[in-house]
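Bear in mind that the values in this text are calculations on the coordinates, not laboratory data. These numbers were taken from a predicted model, which means no experiment stands behind them. So basically every Cβ, Gly included, is an ideal-geometry build from the backbone, and we count neighbours across all protein chains shown.
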Amino acid sequence: MTLSSIARSAQNTKAASLTHLVICWLDTSINDEELDMLIREAKKLASIPGVEDLSAGKSIKSDRDIVDDSFTFGISMKFKNVEEMNAYLKHDRHVNYVKNILKPRTLRITVYDFEN
């Protein structure tokens, strides 16, 4: 077996996955304490069934033109497949976080979903 066929074989056995990326612009009245709470509460969503990995954190300011640092914070999650992500989106804990914690404090939310 050649090296390239071994690599292709490894890719074919790799579990399919996707990333759910949430980018948030908070209301300017939100202070650092509330921002920290939003991130802390977002990290608790990792315990919802189907979430393979979750990270959340503040935007990093940059002088590079290509970097969009206009957002306040982001959440990145990994799922095995679309079905797992869709179940997560309907889960009571997620719905509660979005409705009662996140949306009342945001000016804008953008979501990117993509296969890995």
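I'd like the residue in the stretch 96-115 that is under 12 Å from MET85 (Cβ atoms) and in contact with a Ser or Thr (Cβ under 9 Å, 6 or more places away or on another chain) and, out of all such residues, is surrounded by the most Cβ atoms within 10 Å (Cβ to Cβ).
Step one: of the stretch 96-115, the residues under 12 Å from MET85 (Cβ atoms) are 111, 113-115.
With in contact with a Ser or Thr (Cβ under 9 Å, 6 or more places away or on another chain) added as a condition, the list becomes 113-115.
Working: ASP113: 13, PHE114: 8, GLU115: 9.
This residue is ASP113.
Identify all residues within the stretch 82-102 that are out of contact with any helix residue (DSSP H, G or I) (no Cβ under 9 Å at 6 or more places or on another chain) and of a type in the set (Lys, Arg); write none if there are none.
Those that are out of contact with any helix residue (DSSP H, G or I) (no Cβ under 9 Å at 6 or more places or on another chain) and of a type in the set (Lys, Arg): LYS90, LYS99.
Of the conditions (1) surrounded by 15 or more Cβ atoms within 10 Å (Cβ to Cβ); (2) in a loop (DSSP other than H, G, I, E, B); (3) of a type in the set (Ser, Thr, Tyr), SER62 satisfies every one except a single condition; which number is it?
(1)
Among (1) touching a residue at least 60 places away in the same chain (Cβ under 8 Å); (2) not hydrophobic (A, V, I, L, M, F, W, C); (3) not in a strand (DSSP E or B), where does ARG108 come up short?
Failing condition for ARG108: (3).
Residues that are in a loop (DSSP other than H, G, I, E, B), under 21 Å from HIS94 (Cβ atoms) and of a type in the set (Phe, Trp, Tyr): does the stretch 18-27 have at least one?
No, the conditions are met nowhere in the stretch 18-27.
Could you check GLY57 against (1) surrounded by 12 or more Cβ atoms within 10 Å (Cβ to Cβ); (2) assigned to a loop (DSSP other than H, G, I, E, B); (3) among the small types (Gly, Ala, Ser) and say which number it fails?
Every condition holds for GLY57 apart from (2).
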